[in-house]
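Peer 1: The structure under discussion is supplied below as structure tokens; questions concerning it will follow.
Read-outs throughout are calculated quantities, based only on the coordinates presented, and are distinct from any laboratory measurement. All of these numbers come straight from a predicted model, not from anything done at the bench. Virtual Cβ from ideal backbone geometry, glycine too; neighbours counted across all protein chains shown.
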Amino acid sequence: METGSARTEESVPGEPVWTGLPPGLLRMRRLLLVVWLGLLTIATGLLLALFAGPGWAAFALLPLALAAWGWPMLGRNWRSWRYAERADDLLISRGVLWREETVVPYGRMQLVEVTSGPLERHFGLASVQLHTAAAATDACIPGLDPAEAERLRDRLTELGEARSAGL
């Protein structure tokens, strides 16, 4: 079972301290996987049994196979997400096969917002969306605890204002 978002200690001086995402995001995504693919399995089985015959209803097991494959894939994706606050910028790293690392300089941030839809609120999650002058460097950190999302928003806004004052 996965553990919560733990800060990793600095092993090498000058290396960033990475923070992972809380397990609530993984629980939410896995629940959505099971619900949607479970409904698809039932609907496919009923439709195939009614219109093609009971033998064809076995094809309804394909969404269950997809769920069995998707369950560990969601865990791998969740573990790949992390972020680190450095002196001059924020690092966001994600991806399993294709690793993507985004560097957002504090002085280039124009807007930092916290969003939380109904499903995210039910699971006690929020996302931090960063907007910069260049749309290509906009970034998002999903599935944070609301308190951490607000702390991060306030800190990034404060650092952004301090860094942009010198421009």
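Peer 1: Given the C-alpha centroids of region 40-59 and region 92-167, what is the distance between them in whole angstrom?
Peer 2: Result: 45 Å between the Cα centres.
Peer 1: Just add up the charged neighbours of E100: K/R +1, D/E -1, any other residue whose Cβ is under 12 Å from the Cβ of E100.
Peer 2: Working: positive: R82, R94, R99; negative: E101.
Net charge in that neighbourhood comes out at +2.
Peer 1: Which residues in region 22-53 have a backbone N closer than 17 Å to a point placed 7 Å from the Cα of L119 along the Cα-to-Cβ line?
Peer 2: Residues passing the 17 Å test: 23-41.
Peer 1: How much length is gained on full extension from E161 to C140, taking 0.36 nm per residue of separation minus their Cα-Cα distance? Walk me through the numbers before you get to the answer.
Peer 2: Values: separation 21, 0.36 × 21 = 7.56 nm, distance 1.93 nm.
Length difference between fully extended and current span is 5.6 nm.
Peer 1: Still on this model: Only sites in a loop by DSSP and with at most 11 other Cβ atoms within 10 Å count here; which trypsin sites (Lys or Arg not before Pro) in region 79-119 make the cut?
Peer 2: Numbers: sites: R79, R82, R86, R94, R99, R108; in loops: R86, R99.
Within region 79-119, the qualifying trypsin sites (Lys or Arg not before Pro) (loop, at most 11 other Cβ atoms within 10 Å) are R99.
Peer 1: Let me ask something else about it. Once you list every other residue whose beta carbon is under 13 Å from the beta carbon of E161, what net charge do they have if Lys and Arg are +1 and Asp and Glu are -1?
Peer 2: Summing Lys/Arg as +1 and Asp/Glu as -1 gives +2.
Peer 1: Turning to a different aspect of this structure: Below 10 angstrom from the Cβ of P146, what's the summed charge of the other residues (Lys, Arg +1; Asp, Glu -1)?
Peer 2: -2
Peer 1: How large is the translational diffusion coefficient of region 50-167 in µm² per second when you combine the Kirkwood radius over alpha carbon pairs with Stokes-Einstein at 25 °C and 0.890 mPa s?
Peer 2: Values: Rh = 16.8 Å.
D = 146 µm²/s.
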